[in-house]
1. Across region 153-180, which residue is farthest from Cys238 (Cα to Cα) among those that are over 28 Å from the mean Cα position of the chain (by Cα) and of a type in the set (D, E, K, R)?
2. Which numbered condition trips up Val223, out of (1) surrounded by 18 or more Cβ atoms within 10 Å (Cβ to Cβ); (2) in contact with a Gly (Cβ under 6 Å, 6 or more places away or on another chain); (3) of a type outside the set (S, T, N, Q)?
3. Identify the residue in region 12-28 that is of a type in the set (Gly, Ala, Ser) and surrounded by 13 or more Cβ atoms within 10 Å (Cβ to Cβ) and, among all such residues, is farthest from the chain's Cα centre (by Cα).
4. Would you check if there is a residue in region 21-32 being more than 21 Å from Leu128 (Cα to Cα) and either of a type outside the set (Lys, Arg) or in contact with a Gly (Cβ under 7 Å, 6 or more places away or on another chain) (or both)?
5. Take the residues of region 94-138 that are among the polar types (S, T, N, Q) and surrounded by 14 or more Cβ atoms within 10 Å (Cβ to Cβ): which is farthest from the chain's Cα centre (by Cα)?
6. For a quick check of your reading: which strands (runs of 3 or more DSSP E) sit entirely within region 182-249 and have at least 2 residues that are within 25 Å of the chain's Cα centre (by Cα) and touching a residue at least 24 places away in the same chain (Cβ under 8 Å)?
7. With the structure loaded, tell me whether Ile179 is farther than 29 Å from Leu25 by Cβ and not in a helix (DSSP H, G or I) or whether it fails that test.
8. Going by the conditions given, is Leu174 surrounded by 14 or more Cβ atoms within 10 Å (Cβ to Cβ), in a helix (DSSP H, G or I) and free of Cβ contacts under 8 Å to residues at least 12 places away in the same chain?
Amino acid sequence: MAKKSTWLEYDWKLDGEDARFGVELSFYRTAPDENHPLLCYFCCQPTGDRALTSADIRRIEDIAQKCARRIRTRPAGFVQTGALRQYYFYTASKAEYDALRAIAEKEKKLLCRVGGKHEEDWATYFQLLYPNETKYQTVKNREQVEKLRSIGDNIEATRRINLHCCFRTEQQRLLFEEIARQAGYAIGSSEFLSEYELPNGVVIYRISTLKREDIDALTVRTVKLAAKLDGRLLYWDCNIVPRSVSKRY
């Protein structure tokens with residue numbers, strides 16, 4: 001399922017714990033679907049007190065595909081922590097819930113259980129699974145860092161990260177600059193982006209590595225600061241640091 005173009009996986013926190021999320025993006029166009037008002041949870045975890053292995057995950061993915069074939073509905077997404085993966089299916093009737101429960105009861109190598117509730121508004125899909133701007137920024141981070149790594153960048157080296165933010169009005173941009181300065185960012189030049197809905201831009205700077213935890217923390221913080229004034233982080237860029245160089249600012 002992860003290979004489908006409409007399927008997205010990303011890393012985020014769940015109750016303070018690292019978690020892996022998957023979501024079927026194509027559902028967004030028609031959700032909530034009044035013909036599929038029943039949310040079914042399908043949870044799998046290994047026997048004993050241990051974390052999931054790669055073999056466990058492959059088996060869980062096979063089970064999820066079996067569920068999708070049986071009820072003729074793709075999963076809306078999943079959440080995986082260290083010890084379990086839980087899939088979410090929106091179904092049409094209790095008969096489909098019973099079909100999922102029958103699959104869970106027949107599974108011998110993993111502990112599987114099924115739950116369900118009526119959720120006509122698809123709140124779990126929108127609020128838990130589908131990435132908001134902050135979550136999706138971490139996906140874009142991963143793509144950009146991988147491109148830099150592929151051309152020889154030393155992602156563990158510190159360097160200046162240029163964060164391009166934009167706002168609807170000049171007054172919002174000026175207020176943001178002061179908020180960012182107080183939050184420890186350096187303020188660069190302003191930019192007028194006539195082709196964008198939010199044309200009043202500014203570049204702010206922080207020193208960081210491109211390691212996942214560092215660049216995600218930086219961009220998430222920036223997105224949240226910009227959102228206070230109805231702005232957004234448009235993109236970030238930086239100088240390339242060759243792997244032979246340990247530090248460059």
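1. Pass one, region 153-180, residues over 28 Å from the mean Cα position of the chain (by Cα): 169-171, 174-175, 178.
In the following step, the residues that additionally are of a type in the set (D, E, K, R) were identified as 170, 178.
Numbers: Glu170: 25, Glu178: 23 Å.
Ranking the candidates gives Glu170 first.
2. Going through the list (1) surrounded by 18 or more Cβ atoms within 10 Å (Cβ to Cβ); (2) in contact with a Gly (Cβ under 6 Å, 6 or more places away or on another chain); (3) of a type outside the set (S, T, N, Q), Val223 breaks only (2).
3. First, pick out the residues of region 12-28 that are of a type in the set (Gly, Ala, Ser): 16, 19, 22, 26.
Now drop any that are not surrounded by 13 or more Cβ atoms within 10 Å (Cβ to Cβ), which leaves 19, 22, 26.
On the way: Ala19: 10, Gly22: 8, Ser26: 15 Å.
Ranking the candidates gives Ser26 first.
4. Start the filter on region 21-32 by keeping residues that are more than 21 Å from Leu128 (Cα to Cα), which leaves none.
Within region 21-32, none of the residues are more than 21 Å from Leu128 (Cα to Cα) and either of a type outside the set (Lys, Arg) or in contact with a Gly (Cβ under 7 Å, 6 or more places away or on another chain) (or both).
5. Step by step, filter region 94-138, then rank; the result is Thr124.
6. It comes to 200-208, 232-238.
7. Taking the combined requirement at face value, the residue does not satisfy it.
8. Yes; evaluated as a whole, the condition is true for this residue.
Any read-out appearing in this document is the output of simple, stated calculations on the displayed coordinates, not a laboratory observation. Because the structure is predicted, anything quoted here is derived from the model rather than measured. Neighbour counts are summed over all protein chains in view; Cβ atoms, including those assigned to glycine, are modelled from backbone coordinates with ideal geometry.
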